[in-house]
Amino acid sequence: MGNNSLSKCGCGGLIFWRSTPKDSNFEEAPNTSDTKKQQASREGVTSIETSSSDKHADSSPGSNAKPVPLVNQTLQRNHPKVLQTEGYVNNGRRVPKDAVGISGELESMFSDRQKGSNTLVCASSSNVMMHSNLGNLRKGGNTNTYSQNVGDYRSKKSDETPVSNGRRYTNQRVENASKGSTEKVGSLCRVVSTRMDPEQLKIMGNEDYKNGRFQEALALYDAAISIDPNKASYRSNKSAALTGLGRLLEAVFECREAIRIEPHYQRAHQRLGNLSKRLGETDKALYHYKLAGSEADPEEMAKIKRIQFHLNKCTEARRIGDWNNLIKEASNAISSGADSAPQIFALQAEAFLKLRRHQHAEEALLKGPNFDVDQCTRFFGQICNANLLVIRARVYLAVGRFEDALVAINQACKLDSNNKDAMKVMMKAKAVARARSNGNELFKASNFSEACVAYEEGLENDPYNSVLLCNRAACRSKLGQFEKAVEDCNAALNLRPSYIRARLRRADCNAKLKRWEASVQDYEILVKETPEDEGIRTSLMEAKEHLMQERRE
């Protein structure tokens, strides 16, 4: 890491460096006099610890049935109690009182559409909508397609909704994750929200949240926010839904917005404390827990203390180069609650690289979160995120993901142009990628000697690159240098034991050297890893036959 003379970031205080822009959430504020009961009645959603995915699946109307407004379908499906007590009957379906006006207007539009009208139809007292933009018209025979353009329908009130966190919530489209498709539910909620009370939308969102339908709950909270963007409880509930979907950084930003609106909102402080703990920001977590008052959980405070202890151990281990202990303490920090902290997973990956265990380094990164670069920069700061990207680029380069390495290191250099480590990795990545590309072209042209020289040039910049070692082994095998090819394969497999291509080449070279026992061992491992490959099975049978014959002789 570069030794920048800037303030320190998160993870133990001495591991990553970052700039620390002023955070309005960290101003000292006196404890509020609100009771826990008042907090609960104001918000409704009480837990963000649920991590299960959305279990709800929408049902599409039958092809022979009369099209029914998507508003009515969703409300009837997800909130039957609300419809039974507050609605009226329309074609055998109950509709909320607040949605009466828009439901009737949509029904008239369907009627006009079926008559072949192509004119503009009034969709509300102040807006118009083209028939082709209606989201629940049947199109193309028996296929029901919901248009993505329902979001074009906006009331004047929603057009005036202020931008929060850099985006306008009324225009947000949210994928329905319960079906795994691209069907949007955010537009539906915007249409409904023009005629419904935001508190009613929040209640409906709470019901979806409690039933694990986080995507639908998120859309309903968004609709409530579009009507009343200055209600802290809507932002806090939206943060809970985002947490349930695993979108932790977005959840943090919504909690911050709730606290900006209402600085003494204890539930929002409690949620932001939980999120900061999971992201490895222990100082921030303790700060918000103190402001959470009665909402704070003593057990969570104890977890944060344990995380801090292990992070301090990580800092010391990294300082003295005790890489095995660093891996151990990082694992302890993750198991103590910092399960979504990219800087801790990056520390593990760096330690594995130092120990030349490249496969484990890649696995450490894959276990960690994969946050959007811009959001990660917004939360951790430019300097800290640049260092995270440098480690990511090193891992990608070590395992042969050259293009990914170049993308990551380019992003790091843009975030911190003074980072010397980033510049070194940039030069190394370009040289290795160029050598690999040149060698591949020469190999395809059957110029094996020249291809071998090209790969060796890359290895001068990165002597422990498993891909270049394996490629050079292929060239040496073509040139009949089987002993040297086996040596390269051995080196590659020491770095990445599951490198299938290197193991296959070693098995082939050992077979050509008539080392049947070693060849059989590699082929047996390959058969377990690639049971569908008939060619490997055939090679294994041949090697076994030769081994049996050799033993008889």
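Expressed as a whole percent, how much of the Cα-Cα distance distribution for the stretch 484-552 exceeds 15 Å?
48 percent
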Query raised in the report: Across the stretch 281-295, in residue order, what do the Karplus-derived ³J(HN,Hα) couplings come to in whole Hz, using 6.51 cos²θ - 1.76 cosθ + 1.60 with θ = phi - 60° and x for Gly and Pro?
Result: 9, 5, 5, 5, 4, 5, 4, 6, 5, 5, 7, 6, x, 5, 6
Query - Two-decimal Rg/Rh across the stretch 371-497, once Rg and the Kirkwood Rh are taken from alpha-carbon atoms - result: 1.09
Query raised in the report: Of the listed peptides 539-547, 377-385, what is their order by residue-averaged count of other C-beta atoms within 10 Å, with the highest listed first?
Result: 377-385, 539-547
Query raised in the report: What's the local net charge at Lys528, with K and R +1, D and E -1, over the other residues with C-beta under 13 Å away?
Result: -3
Report task. Would you mind getting the accessible area per residue of the stretch 198-296, heavy atoms of the protein chains only, 1.4 Å probe, in Å²? Result -> 23 Å²
Report summary line: Karplus ³J(HN,Hα) for the stretch 408-423 (6.51 cos²θ - 1.76 cosθ + 1.60, θ = phi - 60°; Hz, whole; x = Gly/Pro) runs 5, 6, 5, 5, 5, 5, 5, 6, 9, 5, 9, 7, 5, 4, 5, 5
Report summary line: The relative contact order of the stretch 198-296, taking Cα pairs under 8 Å that sit 6 or more residues apart, comes to a percentage of 19 percent
**Report entry** Candidates per chymotrypsin sites (Phe, Trp or Tyr not before Pro) in the stretch 454-493, loop by DSSP, up to 16 other Cβ within 10 Å
**Finding:** Tyr464
Query raised in the report: When only alpha-carbon atoms count, how far does the stretch 303-390 stretch along each of its three principal axes, as whole angstroms with the largest first?
Result: 32, 32, 22
Query raised in the report: Based on the Cα coordinates of the stretch 310-449, what is the per residue volume of their convex hull in Å³?
Result: 122 Å³
Query raised in the report: Leaving out ligands, DNA and RNA, what percent of the accessible area of the stretch 198-296 is carbon and sulfur, probe 1.4 Å?
Result: 48 percent
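Quick one: divide the alpha-carbon radius of gyration of the stretch 436-485 by 2.2 N^0.38 Å and tell me what you get. Spell out each step's value before the answer.
Working: Rg = 9.7 Å, N = 50, 2.2 N^0.38 = 9.7 Å.
Working it through for the stretch 436-485, the quotient is 0.99.
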Query raised in the report: At a 1.4 Å probe radius, carbon and sulfur cover how many percent of the accessible area of the stretch 484-552?
Result: 48 percent
Report task. Any chance you could tell me what percent of the C-alpha pair distances in the stretch 198-296 go past 18 Å? Result -> 42 percent
**Report entry** Gain upon complete extension [Lys444, Lys430; 0.36 nm per residue less C-alpha separation]
**Finding:** 2.9 nm
Query raised in the report: HN-Hα J couplings of the stretch 246-254 from phi, Karplus 6.51/-1.76/1.60, θ = phi - 60°, integer Hz, Gly and Pro as x?
Result: x, 9, 5, 5, 5, 4, 4, 5, 5
Requested in this report: Averaging over all projection directions, find the projected area of the Cα convex hull of the stretch 402-471 and quote it in nm² with one decimal place.
Outcome: 4.5 nm²
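The values are calculated or read from the model by the stated rules, or taken from the named source; none is laboratory data. Quick caveat, the model's predicted, so the values are computed rather than measured. Note that we place each Cβ from the backbone using ideal geometry, even for glycine, and neighbour counts take in every protein chain shown. Accessible surface areas use protein heavy atoms only, side chains included; no ligands, DNA or RNA. Shrake-Rupley method; radii C 1.70, N 1.55, O 1.52, S 1.80 Å.
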